1. So, with +1 on the Cβ of K and R and -1 on the Cβ of D and E, and no other charges, what is the size of the charge dipole of the chain about its Cα centre, to the nearest 20 debye?
2. Sort by residue number and name the cysteines in the chain that have no neighbouring cysteine Cβ under 4.7 Å.
3. Defining a contact as two alpha carbons under 8 Å apart and six or more residues distant in sequence, what relative contact order in percent does the range 224-305 show?
4. What spacing in nm lies between the two simple spin-label points modelled at N244 and V31, each 7 Å away from Cα in the Cβ direction?
5. How large is ³J(HN,Hα), in whole Hz, for each residue of the range 249-254 in order, when computed from phi with the Karplus curve 6.51 cos²θ - 1.76 cosθ + 1.60 and θ = phi - 60°, using x for Gly and Pro?
6. At 7 Å along Cα-to-Cβ for each site, give me the label-to-label distance between I85 and D208 in nm.
7. Expressed as a whole percent, how much of the Cα-Cα distance distribution for the chain exceeds 26 Å?
8. If you average 1/r across every pair of different Cα atoms in the range 62-195 and take the reciprocal, what Kirkwood value do you get, in Å?
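Please treat every number below as a calculation from the coordinates, not as lab data. Here the structure is a predicted model, which is why all the values come from computation and not from measurement. Every residue, glycine as well, gets a Cβ built from its backbone with ideal geometry; the counts of neighbours run over all protein chains shown.
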Amino acid sequence: MKKHYFLVALFALALTSVNAQFVDDMESYTVGSPISQDWWTDWGCGGGAGCAIMSSDDFANDGSKSGYVPDDGTTDAVLDLGNKIFGTWYLTFYAYVPSNQSGYFNLQGTVPIGGGEWIMGNWHFNELAASPGIGEIDSSPLGQVFFDFPMDEWFPINLNVDISLGMSLATCELNIAGANVLPAGTPFTDAGGVIPTSLGGIDFFSIDGTNKFYVDSFVFTDNVAGTQDFASKGFSVYPNPVNNILNLQAKESISNVAIYNVLGQEVYSAKVNAMTSQVDMSQMASGAYFVKVNINGTEGTVKVIK
């Protein structure tokens, strides 16, 4: 029971100790109503239907609800990520684009949004409903980047932004639908090298009459919940979210690994005695887990999404 209380408290701390650090499965909102609370806002259009993201039960990645960006051409919903200027930040969410429809969003450097800072330009999914299963980022630091994604099914979007050396040296890694679209170490700028003010937020805009897509299962967090001593061990865990194999790596020998679910129940335990380890999580249920690691006597806990 003590384990349960400790891990629940740790989970709550991870979600509340830093501005705009959260998990949102979209289940707490009223179907058919606009969402303008917590980390959800808009780009100056006043909230309400036709501006804010809408709660929908048409499709859901988990539970029964998701967020819906319609084809009205006016919805301009914003996910506030807290204007991060230091640290390492991890964002994951799922998207669903129906057949003959498109999706669109852009990263913004500051929230509330004024004149706008389009980090990497425009992010299209089946632009104008003319390229089914093809996505595009039109101003990444690698130039125009195309990627594949599935229509009519949920797919993950995973963005890792490393601002540990400040915004001028910030890098990112982007994975969409299981494919590495921007490799680790990619500068966090646009194609012209413009450095954003911060990691501000995401603008989900109804860009045209074909725009109709859904989003769900948001997780925004700093990667490691542990002590500074633990962070100095160079520990990393990937991929996160994980489907099958979870990789663990450190600069020093990992002694033990234990995984707990959100009820505090231990679902995995192993002695390692190596700087790398792998855990098969393929048979574990979807949800949040806490990976507790001991590295030469120093312990830390990492939150992982399955």
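1. On the way: 11 positive and 31 negative charges, 278 e Å.
Result for the chain is approximately 1340 debye, rounded to the nearest 20.
2. If one checks each Cβ against the other cysteines of the chain, C172 turn up with nothing under 4.7 Å.
3. Value for the range 224-305: 36 percent.
4. It is 3.6 nm.
5. 8, 8, 7, 10, 5, 7
6. Here the answer is 3.8 nm between the modelled labels.
7. Values: 21371 of 46665 pairs.
More than 26 Å apart: 46 percent of the Cα pairs in the chain.
8. Result for the range 62-195, one decimal place: 15.6 Å.
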